[in-house]
Every structure is written in structure tokens, then in C-alpha cells.
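Taking it in order: structure first as C-alpha cells, then the write-up.
The values are calculated or read from the model by the stated rules, or taken from the named source; none is laboratory data. Everything numeric in this text was worked out from a predicted model, so none of it was measured. For neighbour counting, all protein chains shown are included, and Cβ atoms are generated from backbone atoms with ideal geometry for every residue, glycine included. We work out accessible area using only protein heavy atoms, side chains counted, and drop any ligands, DNA or RNA first. Shrake-Rupley method; radii C 1.70, N 1.55, O 1.52, S 1.80 Å.
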Amino acid sequence: MSDTETPIQPASRRVFIKTYGCQMNVYDSDRMADALAPRGYVPTQEIGEADLVLLNTCHIREKASEKVFSELGRLKDLQGEKRAAGGDLMIGVAGCVAQAEGEEIARRAPVVVMVFGPQAYHRLPDMLDRAQAQRHLHPSLKRAVIDTDFPQEDKFEHLPPAKKEVTIKRGLTAFLTVQEGCDKFCSFCVVPYTRGAEVSRPVAQILGEARNLVEAGVKEITLLGQNVNAYHGLDAAGRSIGLGELAFLLADIPGLERLRYTTSHPRDMDDALIAAHRDLPLLMPYLHLPVQSGSDRILKAMNRKHTAADYLHLIDRIKTARPDMALSGDFIVGFPGETEQDFEDTLTIIRQTGYASAFSFKYSTRPGTPGASLGDQVQEEIKTERLHRLQELVNNQTSAFHASCVGKTLPVLIERHGRMPGQVGGRSPYLQAVHLEGSTDLIGAIHQVEIIGTSTNSLEGRLVAAAA
Ligand code: 5AD
Ligand code: SF4
């Protein structure tokens, strides 16, 4: 066939998705890309070449939503440049800021043509069509397409299955959302409002997606949920299955070598899940189990429904089942009414627990949450000072944990080239980054690595032997 006879392929359109916030958003962004594929959109990492930009937003703390509005300002400029050059750019806002502030975004940022919450991703192609249909309308007649409903239907059923090429690009590790939403209503948190009530995906759907991922080369899956250990999906017989039992079912998938999950609530750490940690070698000994505060008074005001002693007792039970369990947590400093003594109690629970890592935040008022109407706000400078003290303690614990690994041999899933030439890198069971000298042939499998040194954020290792 001569050149002139070659059919002209329609130029594919490009979508740039910018993800803010948690791992659930990372997962959701991949699924949005999957949902757009049938409309001819391919993902790009270059915002300059995008025809469509989606901001997948986070509303958990104040700064997160401010960032979205400043990004929209920059995108407006980019759209102007593209139009001046004869092109165009469509802009959509997804995620939890969209869910919480849909109308407000459309009003404050008319550049946005679609605003949709986390439960609407499967309707994205349809929204895109509706937004595109308005393209040639006079600006005064254009209205952003807003979809912030919480539908009864199962969005996962309506999303196309994860595409193999997307999965491969993701590499050896993948996220898999098993549960969404939260019924806990901690008084500081927007999640129950932005993500809605707890919904668990059926067991068969999760096993199917996990098998696809493993077939595409994934060795490690992290199960995701805002309250992942509250998972209670139905199996084929209509029985409700908890996360512990689900872990046993996933463990039977040949080729799946590692399993993790995040984020958990202390109240939902049941016996079956603790037993899974005791009995399943593939369930990694690293647990993100936020306590938020060590003061019973503040825990009560936060509506956490557990005390500091409950948490410590739970940690004991978990460590009895899995003695090498590494713990991670979230802490909020400066919740309304937090005194110096309350804060000291938080430092005490950190000392008693011993964390491998932790995330800590200054309390930030979220409109619509019960915390927002509490008086006795803590001054900003006090929050900053407490945060520094807490982070210093946690950093020391992280360094001590890293140092305790030196001299040990750990199985490391080698995932990538290292920072230096001739190096490769991966993760220990405790989610620490490990780098070592070695050929790229090592990438893709778990290898025994002797830990010979540490730096602030990673471990240095030496290959001992290839795993069987
Ligand atoms: N202010 C500060 N931190 C918050 N988090 C959730 N809501 C707030 C808030 N209003 C933190 C909690 C939670 C983590 C995801 O974010 O520690 O576990
Ligand atoms: Fe928010 Fe509490 Fe639910 Fe976690 S458990 S998502 S902090 S309401």
C-alpha cells in the first residue's frame, strides 16, 4: 500500500490527570484513565500536550483545596496559550474537593467544565460528551457539568476492567480498592461526607481484579479503603466476609507474593485479621493504624470510640500474633481544647507504641464537620511547636527502627533501577526503601538482602542470594 492509501488514524487525544492526596485517589486516577480510553484518550505525563486536564483532588485538610484553586489559575493561563495557538484545553475537577464544593468550584473557576465526585467516575465519558456539546455556546450560556450524587449502583461494575498496559506501567506493585467511604464520623474528618457511607466490593470482583493484576506481572497488592479493615464484602454464597478472611482468599492466588492494606481503624482490627497476620506469610508485617491522639479526653472529643489503653492493648495482641510487626500511624496536634497535658499524652503513646513511621498534621477545621463548631481552638504557633516536637520524636523512632535492621537479612522485592548507576532498589517487608549494588536482572523478584547501612529515608543492602 502506498503512503497516500494509508488510512489516516484519528489523532488520539491526551489526558493529564493530576492526583492529590491519598492512595485511593491514585487508584481512582488510573480508573479514570481506563474509563476515558474508549473515547480515544491516552494518558500523558506532559501537561503541555494535554487536551483534557483532570485534577483529582483531596479535601482532607485546608491546604489541599487551596492548592486546587491555585492550580486552576495556572491552567486558565495554559488554556489561554493553547487557544492563542489554535488549540484548546478542557479542565475537569474530580475527587473530594469536587464532591464537597461542586457548585462553589463552578462559580469561582468558570474555566472548569466538569466537576464530579468519587462516585461518578464511571459516568466520565458521558459527562465529557455533555461538556463538549457546550463548546460552541456563548460563554454566558455555558454551565459546568456537575455530578456529585451518591448513586446506588456499583461504580466498580460500570468501570472497564483495569487495562493490562496501564497495569504493566504501574510495575510490580498495585493498589486495589476493596472498600470506600466511612461510617465512623471522627469529629475532625470530612471523609464520611465526601466519600459517603461505607461500601464494600463483592469478594468475586476483588479476586478477579487481583488475578488480572497478578497475570499482568504484579507481585504485591495493597488493598485500599478509607476504613479498609471495616471491609465486609459478600461472597458468592451471600455471606459477609471480613478483611482477614479476604486475605486468606487472596493468599491462594498463585504468583501473588505480598499483600498489604491501608488505612485501618483500631476498632475494626478483629481476631480474624490478627490471625491472618499470624498465619499468612504473604501479609506483610507493616500496619498503618492511626490513633490520632494519646489523650482519652481528646479521643472522646474526636469521637474515635476507643481509649489510649484500648489501642495499646490492641498493639500487644497484634505483636503477639506477629512479633516483628512494624507500626505506622497518623497524629493530629492542636485539636480544639488540646492542652499541654493532652499533647504530652500523645507523646507518651508514641513512646509506648514505637513507630516505624508516622504522619502528623496540625488540626485544620473542615466545614460541615462537628469539629468545626467546637470552641477553644488552639493557637497556630502552639500547633506548630507541638508538631515539631512530635515529629522529632517520631523521626528518632524511625531512625532507631532503621538502625535495628542493620545486620539482618531481609527479603526485598526489587522493583527498579537505583539512584546510582549499577544500583537497584526495592522495598523491605516493613515498607522501607532498600537500595543495593546489583544488575537490573534482579528486578521483578524477591531477593534476600543483608542490610549494611541506613540513611534518613532508606536502607543500604548487599545481595545475599536469589530467592527460590
Ligand atoms: N485536620 C488535620 N488532620 C486531619 N486528618 C483528617 N482530617 C484532618 C483534619 N481536619 C488526618 C488524620 C487522618 C489522616 C488521613 O489525615 O490523621 O488519619
Ligand atoms: Fe475519617 Fe475517622 Fe473515617 Fe478515618 S475513621 S476516614 S479519620 S472519619
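The mean sequence distance of close C-alpha pairs (under 8 Å, at least 6 residues apart), as a share of the length of the chain, puts its relative contact order at 9 percent.
Counting alpha carbon pairs within less than 8 Å and at least 6 residues apart, what relative contact order, in whole percent, applies to segment 236-323?
Details: 81 pairs, mean separation 25.4, N = 88.
Reported as a whole number, the value is 29 percent.
Listed by chain and number, the aspartates and glutamates whose C-alpha is less than 16 Å from the C-alpha of Lys319, apart from same-chain residues fewer than 8 away, are Asp270, Asp271, Asp279, Asp310.
Put Tyr193, Tyr231 in order of accessible area, highest first, and with a 1.4 Å probe you get Tyr193, Tyr231.
In a fully extended conformation the segment linking Ala400 and Ala237 would gain 53.9 nm over its present Cα-Cα distance, using 0.36 nm per residue.
Using the 1.4 Å probe convention, the accessible area of segment 285-401 works out to 43 Å² per residue with neighbouring protein chains retained.
Under 14 Å between alpha carbons, and skipping anything fewer than 8 positions from Lys305 in its own chain: which aspartates and glutamates qualify? Those aspartates and glutamates meeting the cut-off are Asp183, Asp268, Asp296. Applying 1/(1 + (r/R0)^6) with R0 = 41 Å to the Cβ-Cβ distance of Asp330 and Val464, what FRET efficiency is obtained, to the nearest 0.05? Result of the calculation: an efficiency of 0.75. Which residues does a label at Lys305 reach in segment 320-336, if reach means a backbone N under 12 Å from a point 7 Å past the Cα toward the Cβ? Output list for this probe position: empty.
All Cα-Cα separations within segment 405-450 were binned at 5 Å from zero, giving a P(r) of 6, 27, 37, 21, 10, 0, each value a whole percent of the pairs. Taking 0.36 nm per residue of separation and subtracting the current Cα-Cα distance, fully stretching the chain between Glu81 and Glu380 would add 103.7 nm. Approximating the spin labels as points 7 Å out from Cα along Cα→Cβ, the Phe359-to-Arg419 distance works out to 2.3 nm. Of all DSSP beta bridges confined to the chain, the antiparallel ones make up roughly 35%. The Cys residues in the chain with no partner Cys Cβ within less than 4.7 Å of their Cβ are Cys22, Cys58, Cys96, Cys182, Cys405. When its C-alpha radius of gyration is set against 2.2 N^0.38 Å (N residues), segment 306-428 gives a value of 1.34. Inverting the pair-averaged 1/r between distinct Cα atoms of segment 16-77 gives 12.4 Å as its Kirkwood hydrodynamic radius. Of the residues Thr365, Ser240, Pro43, the one whose Cα sits farthest toward the positive end of the charge dipole of the chain, with +1 on the Cβ of Lys and Arg and -1 on the Cβ of Asp and Glu, is Pro43.
Assuming charge only on the beta carbon of Lys and Arg (+1) and of Asp and Glu (-1), the dipole of the chain about its Cα centre is about 400 debye to the nearest 20. Placing a label point 7 Å from the Cα of Arg297 along the Cα-to-Cβ line, the residues of segment 344-370 whose backbone N sits under 15 Å from it are 344-347. Ordering Ala400, Ala85, Pro281 by Cα displacement along the dipole of the chain toward the positive end leaves Ala85 in first place; charges were set at the Cβ atoms of Lys, Arg (+1) and Asp, Glu (-1).
For the pair Phe185 and Glu340, label points projected 7 Å from Cα toward Cβ lie 3.6 nm apart. Using every pair of distinct Cα positions in the chain, the Kirkwood expression returns a hydrodynamic radius of 24.1 angstrom.
Using Cα-Cα distances under 8 Å and only pairs 6 or more residues apart, what relative contact order does segment 1-127 have, in percent? Don't skip to the answer; put the middle values down first.
On the way: 183 pairs, mean separation 31.5, N = 127.
RCO, segment 1-127: 25 percent.
When the listed pairs Lys76/Lys383; Lys300/Lys362; Lys184/Lys383 are checked against a 29 Å cut-off, the alpha-carbon distance exceeds it for Lys76/Lys383. Here the chain has 53 percent of its accessible surface on carbon and sulfur atoms, given a 1.4 Å probe and all protein chains in place.
Let a ≥ b ≥ c be the square roots of the eigenvalues of the Cα gyration tensor of segment 35-120; is it rounded (a/c under 1.5), or, if not, prolate (a/b larger than b/c) or oblate?
Details: a/c = 1.91, a/b = 1.34, b/c = 1.43.
Here segment 35-120 falls in the oblate category.
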